[in-house]
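**Student:** Here it is: the structure, laid out below.
The values are calculated or read from the model by the stated rules, or taken from the named source; none is laboratory data. Note that the structure is a prediction, hence the values are computed from the model and not measured. Glycine gets a Cβ as well: all are built from the backbone with ideal geometry, and neighbour counts include every protein chain shown.
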């Protein structure tokens, strides 16, 4: 169990460091992110109309499950003609890149690495295949989240591509360490990861 936890901490730290490096030292950190033209007038409209923190989808008028076919078609036409999109809004503002966000991100990376380390402990395979297994966790995360956001919400391809480099690269590097630290559990032995 100690090796699983050690592998999780090492893997989480590597994924965290890789992502930080990618976002702060390369153009990939801003890939697909644009400056909003007329930002002040848009922000004034948001301030005047949005009172609660939230994830907002627009146009949303046609998203009710009990709408008539005519209402649905009117909404679909608004979607086709635009503008349409999503916004995460904090009307009262938020602290940029707070220490709390960094701590949470590191914790999430370590917890994700713990899930992978548990799976890795059950993979009796050569080192290279175990590294590949961890890298595939990055592919899985990218397909399950980032690629879906591209599909459903229209996230920019450049942003989603940068996420692919972030997830697969980070988990590949983590796999190099984790596959060395986390030993396969051998059936019949009580604690081969001790």
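**Student:** Of all residues in the stretch 58-73, which are in contact with a strand residue (DSSP E or B) (Cβ under 9 Å, 6 or more places away or on another chain) and at pLDDT below 80?
**Tutor:** Listed by number, the list holds a single entry, 63.
**Student:** I need the helices (runs of 4 or more DSSP H) fully contained in the stretch 90-164, keeping only those with at least 1 residues that are closer than 19 Å to residue 176 by Cα.
**Tutor:** 99-121, 127-141
**Student:** May I pose another question? If you go through the stretch 32-53 one residue at a time, do you hit one that is in a strand (DSSP E or B) and touching a strand residue (DSSP E or B) at 6+ places or on another chain (Cβ under 8 Å)?
**Tutor:** Checked the stretch 32-53: no residue is in a strand (DSSP E or B) and touching a strand residue (DSSP E or B) at 6+ places or on another chain (Cβ under 8 Å).
**Student:** Looking at (1) modelled with pLDDT of 95 or more; (2) farther than 18 Å from residue 29 by Cβ; (3) crowded, with 20+ Cβ neighbours inside 10 Å, which one does residue 193 not meet, given that it meets all the others?
**Tutor:** Looking at each condition in turn, residue 193 falls short on (1).
**Student:** Check off (1) modelled with pLDDT under 95; (2) closer than 22 Å to residue 22 by Cα for residue 188 and give me the number that stays unchecked.
**Tutor:** Failed condition: (2).
**Student:** Also, I was wondering about something else. Being touching a residue at least 24 places away in the same chain (Cβ under 8 Å) and surrounded by 15 or more Cβ atoms within 10 Å (Cβ to Cβ) is the filter; apply it to the stretch 140-157 and report the residue that is farthest from the chain's Cα centre (by Cα).
**Tutor:** 155
**Student:** Name the residue that is nearest to residue 155 (Cα to Cα), counting only residues in the stretch 61-93 that are in contact with a helix residue (DSSP H, G or I) (Cβ under 9 Å, 6 or more places away or on another chain) and exposed (fewer than 12 other Cβ atoms within 10 Å of the Cβ).
**Tutor:** 85
**Student:** So how many residues does the stretch 31-56 have that are without any contact (Cβ under 8 Å) to a residue 60 or more places away in the chain and in contact with a helix residue (DSSP H, G or I) (Cβ under 8 Å, 6 or more places away or on another chain)?
**Tutor:** Residues flagged as without any contact (Cβ under 8 Å) to a residue 60 or more places away in the chain and in contact with a helix residue (DSSP H, G or I) (Cβ under 8 Å, 6 or more places away or on another chain) within the stretch 31-56 amount to 1.
**Student:** Still on this model: In the set 103, 116, which member is crowded, with 16+ Cβ neighbours inside 10 Å and within 20 Å of the chain's Cα centre (by Cα)?
**Tutor:** None of the other options fit; the residue is 116.
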